[in-house]
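Read the structure below first, then the notes.
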Amino acid sequence: MDLISIRERLATVDEALVDALAARQGLVREVARLKVEGGSPLRDLPREEDVLTRVVERAREAGLDGFLVTRLFREILGHSLRTQEAALAPGSATAGGTVRVGYQGTDGAYSHSAARRHFGPRAGEASYHGYDSFEAMLEAVEGGELDFAVLPLENTTSGSVTSSYDLLARMDLALVGEEIQEVEHCLLALEDVPISRIRRVFSHPVALSQCARFLSTLSDCHVEAFTDTAMAARRVRDEQDLSQAAVASEEAASLYGLVVLKRGIADQRENYTRMAIVARQPLACDLRVPCKTSLLFVTRHEEGALLACLSVLADHHLSLTKLESRPRPRNPWEYLFYVDFEGNLAEPDVAQALRELSARTSYLKVLGSYPSRTTAEARPAEPRPRASLPSTAPAEAPPALPASGEKRAYTLASREHRGEDTIVPVAGVAVGGPRPVVIAGPCAVESREQVRACARIVKEMGGDLLRGGCFKPRTSPYSFQGLGYEALDMLAEAGAEAGLPIVTEVMHPADVGPVAEKAHVLQIGARNMQNFSLLKEVGKVDRPVLLKRGMSSSVDEWLNAAEYVLSQGNHMVILCERGIRTFETSTRNTLDLSAVPVLRERTHLPVIVDPSHAVGVRRFIPPMARAALAAGAQGLMIEIHPDPEHALSDGPQALTFEMFERLMLSLAPKSS
Ligand code: PEP
Ligand code: MN
């Protein structure tokens, strides 16, 4: 036989191999369907062993190397397992038609390979889209341009990809999968030239640092950083210069028609990257799939807080696979903790552990449960020993009706859920502790000078936080509506200059993220107390919330509004009584001071009082401020203005600076 005819026959055999694989995959899909319907376990380890033994025997009979066949079949069985897993996680698998998957980099980047490995076993099709940055890619998921994105989280040699973690904290996204990508760096060039002729090497900075030892052996060679490894390979192809090389994968070599000069050039042989599959919505995972769950939390300001959180997982026999801490934005020397553990949110034990964890954190964000790649493959899923704690959760039980018979549904906000007072830390100021706090500032930010003057007097008189409205919820659409983001900048500047954290109202869910970037506390105004979409949105960010009482709301409706925020994971809620509607017209509203002791009994959340909006008349504010503290309020919110007669909003209730000074002096014994 001549070479040509042998090659023709090889092509026929290869086609038959591919056809056989396709036929096998068809049968695997059938098995997946039966397992989903019949509820049988996902994995049958003795059967997997059996398959391997049989094919190895068959290979030997046919005169083939058992090692080759074992390797191939491990890959084939892995693919089959993924197919079945995908069928059990319908969110990602049967989403009809094509899914759009994003990755950072260009064709042939390691993330691109991981994306293809992950989405390959799906029944439907997937299209892959490269992005310049992680941020642009995740924004495309948020905006609906992409269904999924592949985000590198950590590498076995270079450690955590911290920017990925920071993006997950900031954005509202879920984790629905993970993928392990083996990284094998190769030196690629246009042609098979001697390595000593290479004068320039391009690659991603991380890849370059992982190959530092090898690269240092190249003499007279310049190393240049690129945005991704595949891009570097493309550059070598485009420039057609024989003295240039790229550090990238073998896949990139074949994609860009380059030659591998040397394989495995990384300093450390074992080099894997763990990538997260990110989506807008979390996935419901079948209990038969061995899963991991990822969380992000901020501990309470208490001794041993992190240990207490981790003990909750240990007590429930949930094994930790990753713990990472990142600086908490805007809160120097405070940390956000990321935890991955083996377990599925659908398991009662895991749900119970999260309830207990929620009582020990001031902010908890559940990123999602997803099929594990780091544990399941190596170790078969074993039923976990039951937790020793009773499985009926106290927090799960329907709350008992209080003696007076009023309806309530809130649990996380209740004293039963947490006996001790919650302290909400705001950039070093403890709200809810033994010392009452004073929040003061103008109703609305009107100018840079106005808010700076307010900030100065607040600081001088020992106030704790600076307030100022940027988005004003005015009763009439013709009244001054606030200066918006321009005002927010002025408020932030004035606060920073005086050394005061700032609080401002947010009115629209879309403003929550941007306002949280600048303000230390997000205020929900009385008119929005039951704006549930707004409450859910502030519940998702790591920022304290000052929740004002609706002017016609009962204490329990108010606590249920707080529950909306808490239930999303944000446990930093401060309640603010600001007067309610009654038949009395002598004051703007009626200050319901009895709400203070009632709340102190029903909830662990801090309670403060805003006498300014409650009475609406300047001269009545100081006595009511003192009365509020006497009633047990843990703080005050007071409106002030350098020139109340010309204020653009709420002038009649703004204290002059002189009145504010006198008020603060009269409170001094209490607040020191
Ligand atoms: C405010 O504090 O600026 C405000 C508008 O208050 P309320 O929502 O209580 O009316
Ligand atoms: Mn006001």
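What is the distance in Å between the Cα centroid of the range 446-520 and that of the range 219-260?
Here the two parts' Cα centres lie 52 Å apart.
So what is the relative contact order for the range 598-672, in percent, with contacts set as C-alpha pairs under 8 Å and at least six apart?
28
Size of the dipole of the chain about the Cα centre, Lys and Arg at +1 and Asp and Glu at -1 on the beta carbon, nothing else charged, in debye to 20?
Using only the charged Cβ atoms, the result is roughly 1320 debye.
Could you work out the helix-only [θ] at 222 nm for the chain, with each DSSP H run of four or more residues adding -39,500 (n - 2.57) and the total divided by the number of residues, to the nearest 500 deg cm²/dmol?
One gets -11500 deg cm²/dmol as the mean residue ellipticity at 222 nm.
Dividing the Cα radius of gyration by the Kirkwood radius, what Rg/Rh value follows for the chain?
Rg/Rh: 1.07.
Considering only protein heavy atoms, with the full assembly of protein chains and a 1.4 angstrom probe, order Lys548, Lys536 by accessible area, largest first.
Lys536, Lys548
Output the antiparallel fraction of DSSP beta bridges having both residues in the chain, as a percent to the nearest 5.
Bridges in the chain that DSSP calls antiparallel: roughly 55 percent.
Can you tell me, using C-alpha contacts under 8 Å and at least 6 residues apart, the relative contact order of the chain as a whole percent?
Taking the mean separation of contacting Cα pairs over the length of the chain, I get 9 percent.
For the range 1-94, what does the alpha-carbon gyration tensor say about shape, rounded, prolate or oblate, given a ≥ b ≥ c as the root eigenvalues, a/c under 1.5 as rounded, and a/b over b/c as prolate?
Oblate shape, in that a/c is at least 1.5 and b/c is the bigger or equal ratio.
Give me the extension gain from Glu645 to Val617: residue separation times 0.36 nm, minus the current Cα-Cα distance, reported in nm with one decimal.
That works out to 8.8 nm of additional length.
At a Förster radius of 56 Å, what calculated FRET efficiency corresponds to the Cβ-Cβ distance of Glu601 and Val51, to the nearest 0.05?
Given R0 = 56 Å and the Cβ-Cβ separation, E is 0.30.
Taking R0 as 41 Å, what FRET efficiency do you get between Arg213 and Glu497 from their Cβ-Cβ distance, rounded to the nearest 0.05?
0.25
Normalising by the residue count of the range 226-364, find the relative contact order in percent from Cα pairs under 8 Å and 6+ residues apart.
23 percent.
Take the alpha carbon gyration tensor of the range 402-494, find the square roots of its eigenvalues, order them as a ≥ b ≥ c, and report rounded if a/c is under 1.5; if not, report prolate when a/b exceeds b/c, else oblate.
Oblate, since a/c reaches 1.5 and b/c is not below a/b.
Treat each spin label as a single point 7 Å out from the Cα along the C-beta direction, and report the Arg328 to Ala11 distance in nm.
Going from the Arg328 label point to the Ala11 one covers 6.5 nm.
Among rounded, prolate and oblate, which fits the range 198-277 when a ≥ b ≥ c are the square roots of the eigenvalues of its C-alpha gyration tensor, a/c under 1.5 means rounded, and a/b larger than b/c means prolate?
Here the range 198-277 falls in the oblate category.
Report His129's accessible area, 1.4 Å probe, all protein chains in place, as a number in Å² to the nearest 10.
70
Roughly what would the spin-label model give for Ala136 and Ala346, points 7 Å off Cα along C-beta, in nm?
For Ala136 paired with Ala346, the spin-label model returns 3.7 nm.
With the Cα gyration tensor of the range 451-560 in hand, give its eigenvalues times 5 under a square root as the equivalent ellipsoid semi-axes, listed largest first in whole angstrom.
They are 24, 15, 14 Å, listed largest first.
Which FRET efficiency, nearest 0.05, do His222 and Arg116 yield, Cβ-Cβ r, R0 45 Å?
Plugging the Cβ-Cβ distance into 1/(1 + (r/R0)^6) gives 0.85.
In nm, to one decimal, how far is the modelled label at His129 from the one at Asp44, with both set 7 Å along Cα→Cβ?
Label at His129, label at Asp44, 4.1 nm between them.
Quote the accessible area belonging to Thr229 in square angstrom, nearest 10, computed with a 1.4 Å probe and with ligands, DNA and RNA left uncounted.
That residue has around 10 Å² of solvent-accessible surface.
How much accessible area does Arg54 have with a 1.4 Å probe, in Å² rounded to the nearest 10?
Estimated to the nearest 10 Å², Arg54 gives 130 Å².
Using 0.36 nm per residue of separation minus the Cα-Cα distance, give me the extension gain between Glu37 and Val18 in nm, one decimal.
4.0 nm
How many Å² of accessible area per residue for the range 448-503, probe 1.4 Å?
In whole numbers, the range 448-503 has 43 Å² accessible per residue.
Could you rank Thr374, Thr585, Thr83 by how accessible they are, 1.4 Å probe, largest area first?
The residues order as Thr585, Thr374, Thr83, largest area first.
The values are calculated or read from the model by the stated rules, or taken from the named source; none is laboratory data. Note that this is a predicted model, so its numbers are computed, not measured. Please note: Cβ atoms are built from the backbone with ideal geometry, for glycine as well, and neighbour counts cover all protein chains shown. Just the protein is used for accessible areas: all its heavy atoms, side chains included, with ligands, DNA and RNA removed. Shrake-Rupley method; radii C 1.70, N 1.55, O 1.52, S 1.80 Å.
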